[in-house]
Amino acid sequence: MKKPNRIQIAILLILFSAGAWATQAYMPEIKKQLKDTYSSLVEPDEETIRAEIIQTIEIEVPEPRITPPVPKELITKEYDKHLFAAEYNGFGLIESEDHYNSLVKDGKLVLIDKGTGYEVMPLTHSQPYITPYSKTVLEEIGIAFQSLTDSKSYITLTSVTRTPEQQKSLRKRNTNATNGVSSHSYGVSFDISYIRFNGKKNWSRKNQKKLEKILKEFEAENKIFFIKERKQSCYHVTVR
């Protein structure tokens, strides 16, 4: 094999030096390209993740509930407040059994039988259905009652929504029942016993005072009207 002469060796040295110089000259550019190419493969830092997670979420905010003042010229007795609230708050008077059934079917009246802090006793002259908002208020009353007593205590509803036919039938056996249009026929009224607590007919002055305190607070917040009916031993409540 023929050995390279001095000229060939010199050329090789020049080429090697040029390659080394080119590598050093273009190394920053190569590093930049590598960084740009592989940066997407590197896990983002915590701040980047947080920025990606935080996004604007559109939510539907319910319109504030406006409770109209009761016109003084319409009030001749306390019960007139209940009728005014019932007419304003609901869907109008339940005109018949068929009308009642259609309201249940359309979800304008919802079932209440038992919930946190309350239960509905077996009914004979009313139906355990009220408007969705009335149910919300009832549940708030039940929770408030438990907060003042204990987590197992509950109140008892003795009457809820009545059709005109049921109201007329009730009038025959209960002279205290309204003769004519009742707020119970709007799906926003219910009666709470003050002699039945925790499923037993056992008068408790202590529990009655706590229940009445809650109803007064709810009335002050314009959520309800209530009347104490002594003959029936209950509070007649109408949701505003």
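The values are calculated or read from the model by the stated rules, or taken from the named source; none is laboratory data. Note that the structure is a prediction, hence the values are computed from the model and not measured. Because the Cβ atoms are built from the backbone with ideal geometry, glycine has one as well, and the counts that use them run over all protein chains shown. These area figures cover heavy atoms from the full protein model, side chains too; ligands, DNA and RNA do not enter into them. Shrake-Rupley method; radii C 1.70, N 1.55, O 1.52, S 1.80 Å.
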Pairs only if they're at least six apart or on different chains, beta carbon under 8 angstrom, first in segment 215-232 and part of a helix (DSSP H, G or I), second open to solvent by 50 Å² or more (accessible area, probe 1.4 Å); list them, first residue then second. F218/E140
Residues to consider are I141, I155, I130; find the one that is surrounded by 15 or more Cβ atoms within 10 Å (Cβ to Cβ) and without any contact (Cβ under 8 Å) to a residue 60 or more places away in the chain. I155
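Kindly indicate the residue of segment 63-94 that is among the charged types (D, E, K, R) and not in a helix (DSSP H, G or I) and also least open to solvent (accessible area, probe 1.4 Å) among those meeting that condition. Before the answer, list the steps.
Taking segment 63-94 first, the residues among the charged types (D, E, K, R) are 63, 65, 72-73, 77-78, 80-81, 87.
Those left that are additionally not in a helix (DSSP H, G or I): 63, 65, 77-78.
Numbers: E63: 164, R65: 118, K77: 114, E78: 83 Å².
This residue is E78.
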Could you tell me whether K135 is charged (D, E, K, R) and surrounded by 18 or more Cβ atoms within 10 Å (Cβ to Cβ)? yes
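Mind checking whether some residue in segment 204-216 is of a type in the set (S, T, N, Q), open to solvent by less than 10 Å² (accessible area, probe 1.4 Å) and at pLDDT below 95?
Let us first name the residues in segment 204-216 that are of a type in the set (S, T, N, Q), namely 204, 207-208.
After this cut, where a residue has to be open to solvent by less than 10 Å² (accessible area, probe 1.4 Å) as well, the list is 208.
Still in the running and at pLDDT below 95: none.
Scanning segment 204-216, I find no residue that is of a type in the set (S, T, N, Q), open to solvent by less than 10 Å² (accessible area, probe 1.4 Å) and at pLDDT below 95, so the answer is no.
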For segment 109-117, indicate whether the set of residues that are touching a His at 6+ places or on another chain (Cβ under 9 Å), in contact (Cβ under 8 Å) with a residue 60 or more places away in the chain and open to solvent by less than 40 Å² (accessible area, probe 1.4 Å) is non-empty. no
Checklist (1) crowded, with 20+ Cβ neighbours inside 10 Å; (2) of a type outside the set (A, V, I, L, M); (3) modelled with pLDDT of 95 or more applied to Q166, failing item: (3)
